[in-house]
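The values are calculated or read from the model by the stated rules, or taken from the named source; none is laboratory data. Everything numeric in this text was worked out from a predicted model, so none of it was measured. Cβ atoms come from the backbone with ideal geometry, glycine included; neighbour counts cover every protein chain shown. Only protein heavy atoms, including side chains, enter the accessible area calculation; ligands, DNA and RNA are left aside. Shrake-Rupley method; radii C 1.70, N 1.55, O 1.52, S 1.80 Å.
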Amino acid sequence: MTAKLIKGSEIREQILAEIKDEVNKIKKDKGVVPGLVTILVGKNPASVSYVTLKIQTAEQLGFKEVQDNQPETISEAELLALIDKYNKDDSINGILVQLPLPKHINEKKVLNAIDPDKDVDGFHPVNVGRLMIGGSEVKFPPCTPAGIQELIVRAGVPTSGAEVVVVGRSNIVGKPIAMMMVQKGQGANSTVTMVHTATKDLAAHCKRADILIVAAGVPGLVKPEWIKPGACVIDVGVNRVGEKVNEKTGKKVAILRGDVDFDEAVKVAGWITPVPGGVGPMTITMLMKNTLKSLKFKLGIA
Ligand code: GUN
């Protein structure tokens, strides 16, 4: 068997086209566009490249995009004041503070200062609570788990009653995706098991999974013999295992490897996401979807 590839890079294009259509329609009918502010503190190269991609995507969709770059030396009080300014700005529907923040700033305090109705990352405790309640309470599902669920649905993988095993218990991926898959509704309604570093027999749990979601951050952790034949394997791992020179640009680029031994797993699974080009491209896409949703909530059309 060779697994069907779930290509996030292609699914992203479909979703962006859908968002763009909706943005155009709202602009025509209501005269407004979604507004997103990206706050970047300092010049961490990975953060700069993520934020640049977010800005480019927002602009490509016709959003109002405010790029607010701040020096590494900004104080916590100044950053909180900035967030307060955007909380009160009617033209801004989404506030994104790129993480990580410098050590002298309390990340939790900053994330908690964002108006939960503009928290398009879905990291505020109010949105974490809304996600746990589920159904119509949910406003902004966190972007990576939302992208994973979208991939599963668009690939046509059955979820109702399916055994889902989530490897990893982070606040950003493991916990929220487990919560999302267990809720009632389309693309969910699954029986969910969470496994982690203290789990006794990781392989035995993984072998039971109809849908195996791996977000452990350990390159090649999941072996092909841990995969049930025909299962759907979602690899969230983006591990930098070295560097190579890009033949076209001559620039050094990271060699990325997932948490799953892809070359062997592809022979056993029914569906699998590649790394790169699987889950990765979905995160920014879902950020855009959440920003559009925020405007729609405000307009009463969500
Ligand atoms: N840093 C790395 N990933 C993310 C993300 O999804 N959101 C924010 N705000 N910062 C990040």
> Cα-Cα over 25 Å: which of K184/K293; K88/K296; K7/K43; K25/K118?
Replying inline: K7/K43
> Shape call for region 162-240 from the C-alpha gyration tensor, a ≥ b ≥ c root eigenvalues: rounded (a/c under 1.5), prolate (a/b greater than b/c) or oblate?
Replying inline: oblate
> If you roll a 1.4 Å probe over the heavy atoms of the protein chains, what accessible area per residue do you get for region 128-250, in Å²?
Replying inline: 48 Å²
> If you add up the charges near V157, with Lys and Arg at +1 and Asp and Glu at -1, over every other residue whose beta carbon is less than 10 angstrom from its beta carbon, what do you get?
Replying inline: +1
>> To check my understanding: the extent here is largest minus smallest coordinate of the Cα atoms along each principal axis. What are those three numbers for region 1-145, in Å, largest first?
In response: 51, 47, 34
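With helices defined as uninterrupted DSSP H runs, which ones in the chain have an alpha carbon span along their own long axis of at least 24 Å and mean Kyte-Doolittle hydropathy of at least -1.0?
For the chain, where a helix must reach 24 Å along its axis and average at least -1.0, the hits are 280-299.
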>> Along the Cα→Cβ direction, 7 angstrom out, place labels at N69 and I133. What is the inter-label distance in nm?
In response: 4.0 nm
> PRE reach from T249 (point 7 Å along Cα→Cβ): which of region 263-285 fall under 20 Å by backbone N?
Replying inline: 275-285
> For labels at K20 and T197 in the simple 7 Å Cα→Cβ model, what's the distance in nm?
Replying inline: 4.3 nm
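Could you work out the local net charge near K252, counting Lys and Arg as +1, Asp and Glu as -1, over the other residues with Cβ closer than 15 Å to its Cβ?
+2
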> Counting only protein heavy atoms, what percent of the accessible surface of the chain is carbon or sulfur at a 1.4 Å probe?
Replying inline: 54 percent
>> What does the charge count around M288 come to, taking other residues whose C-beta lies under 14 Å from its C-beta (Lys +1, Arg +1, Asp -1, Glu -1)?
In response: -1
>> Please compute the modelled spin-label separation between T2 and L299, points set 7 Å along Cα→Cβ, answer in nm with one decimal.
In response: 4.4 nm
>> Can you tell me the convex hull volume per residue for the chain, based on C-alpha atoms, in Å³ to the nearest whole number?
In response: 141 Å³
> Which percentage, to the nearest 5, of the DSSP beta bridges contained in the chain is antiparallel?
Replying inline: 15 percent
